[in-house]
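We did not get these values from a lab; they are worked out from the coordinates using the rules stated. Every value quoted in this text rests on a predicted model; they were computed, and no experiment measured them. All Cβ positions, glycine included, derive from the backbone under ideal geometry; neighbour counts span all protein chains shown.
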Amino acid sequence: MRVRHDSTDGASTAGWQRLKGGMALGLLLGLCAATPWSWAEDPGITDKIIRIGATIPLEGDFKVYGLSMKRGMDAALADQTVQRRRIEFVAINDFYNPIEAVKAAKLLVDKGIFAMVNSFGSPTTKAVLPLLAENKIPAFGFYTGAAFTGPGDVLNFRASYAKEVETVVEAALAAGLKPTEVCAYAQNDAYGMGGVQGFRAALAKQPGTESIVAKVDQVLSMSGDNPERNNIGPVGVYPRDTVSARPGYLSLKKWETDTGNRCRLIATTAVYDPAATFMGYARLKGETWIFSSPSPAGGTRLTTLLKEYGIRDQVIATQIVPAPDSLLPVVVDARKALGENLNYESLESYIVGKLFLAILRAIDGPLTRENFLKAARRQTYDIGGIRVDFTTDNQGSDFVMITYLKDGQFTVITPQELATLFKK
């Protein structure tokens, strides 16, 4: 015998559907209340932290950079929150070695990071960017002036090495030097060639320099690891991770002999120890050259090393952030936060950290990498008196400051003082 329950079955089905709908809505509202936007967030984001990473030299010959950078980032991010989350900065040592940098980056990717922020070095950056691009991880505020545009999403804070060297060479030419009196000395890799690009750009703007620029182009066009760039043009090079000054010095002397030109300014793109060794070696050989150095080798450590060679002047250095004694609000804040640990490297990292926070706080909606990049490119940012603009390209700042070594200390120099230097 079959018993029909049409009316009650219909009521039960409708009731169950209403119950399911109510449960689904309640679950959705509960998720929203517990962790806003949590279903849309990217790796490195939890309900409590925003994890970011960096590969930097915390040990070895280049730890002077890495330790200062970590102090600057830690100071900038201390006790700061975004959408009720604190920032966790994970820095892994890479010895400024591309192979170690890739290993360290893989560890960070496996750990889960939202972005790679304030990593160090041009050759290391070049090695790591493909991995970051593959995992859609932004590269933000790296300590490199090689002006990388990719692969992947790259946002550079600092002015390029090319811009630093170009600024010095143009200032020297404006002060009265002839294009034939400017030469270059560089690390034989992406970092050094970035500076040589700036050297070339400044020369190319001058009339009658076509033959010199052609020689520089020949140097720049060479590929591979540590190609033989010496003895071609007004450029001397040394291998990365060495202080081998003699081959590069002889390359410049050969240029002088072959052309009859005399180098007066040597625009170097080196790191601290190789830069100081080259300058000391040239002085030992009796050269009266004036040297310039970009920001990676233009701070207190360079002055200390140069003193060992008896060099207390005749050296120009560019910086891409204001002087540590500046009265700009961000520098005043950095002095309070870092105390005796404030230097150009820690100041730059402090600014990068504050810039990263400012962009995170400008995000509309969920904390995703896509929204972070949109916020970065949507508007300009004023970080305590320093203007940063990603609205037209991936280069945030073009600020370059020229300093001069006087009585063993680098101080800001005016164009008029620079002109006096080259008229001696």
Original post:
Residue separation times 0.36 nm, minus the C-alpha to C-alpha distance between V90 and E228: what's the value?
Top reply: 45.9 nm
Original post:
What is the fewest-to-most order of R84, R71 by other Cβ atoms lying within 10 Å of their Cβ?
Top reply: R84, R71
Original post:
For the range 314-410, what relative contact order do you get, as a whole percent, if you take Cα pairs closer than 8 Å and at least 6 residues apart?
Top reply: 38
Original post:
Going 7 Å from the Cα of K215 toward and past its Cβ, which residues in the range 276-294 have a backbone nitrogen under 16 Å from where you end up?
Top reply: none
Original post:
HN-Hα J couplings of the range 101-108 from phi, Karplus 6.51/-1.76/1.60, θ = phi - 60°, integer Hz, Gly and Pro as x?
Top reply: 5, 5, 4, 5, 5, 5, 4, 5
**OP:** Please determine, in degrees from 0 to 90 and to the nearest 10, the orientation of helix 369-378 with respect to the longest principal axis defined by the Cα atoms of the chain, where the helix direction is its Cα long axis.
**Re:** 60
Original post:
Based on DSSP, what percent of beta bridges with both residues in the chain are antiparallel, to the nearest 5?
Top reply: 35
Original post:
For the chain, what is the charge dipole size about the Cα centre, in debye to the nearest 20, if Lys and Arg each add +1 at the Cβ and Asp and Glu each add -1 at the Cβ?
Top reply: 360
Original post:
Mind listing the phi-derived Karplus ³J(HN,Hα) values for the range 265-273, rounded to whole Hz, using 6.51, -1.76 and 1.60 with θ = phi - 60°, and x for any glycine or proline?
Top reply: 10, 10, 7, 8, 10, 9, 9, 3, 5
Original post:
Can you give me the relative contact order of the range 233-352 as a percent, contacts being Cα pairs under 8 Å and 6 or more apart?
Top reply: 18
Original post:
Taking θ as phi - 60°, what are the ³J(HN,Hα) couplings along the range 341-347 by the Karplus curve (6.51, -1.76, 1.60), each to the nearest whole Hz, with x for Gly and Pro?
Top reply: 8, 6, 8, 4, 5, 5, 5
Original post:
Amide H of A115: which non-local residues (sequence gap of 5 or more, or other chain) have their own amide H closer than 5 Å, using H built in the peptide plane?
Top reply: G53
Original post:
Among F142, F114, what is the fewest-to-most ranking by other Cβ atoms within 10 Å?
Top reply: F114, F142
Original post:
Amide H to amide H, which residues 5 or more places from I383 or on other chains are under 5 Å from it, using H placed in the peptide plane?
Top reply: V388
Original post:
Relative contact order (percent) for the chain, with alpha-carbon contacts under 8 angstrom and 6 or more residues of separation?
Top reply: 17
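Work out, in µm²/s and without decimals, the Stokes-Einstein translational diffusion coefficient of the chain at 37 °C, 0.692 mPa s, Rh from Kirkwood over C-alpha pairs. Mind dumping the intermediate values first?
Working: Rh = 23.4 Å.
The calculation lands on 140 µm²/s.
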Subject >> Violating pairs (Cα-Cα greater than 32 angstrom) within the set K215/K406; K163/K374; K106/K307; K106/K215; K205/K254; K254/K423 >> reply: K215/K406; K106/K307; K106/K215
Subject >> Hydrodynamic radius (Kirkwood) for the range 156-269, which is based on Cα pairs only, to one decimal in Å >> reply: 13.9
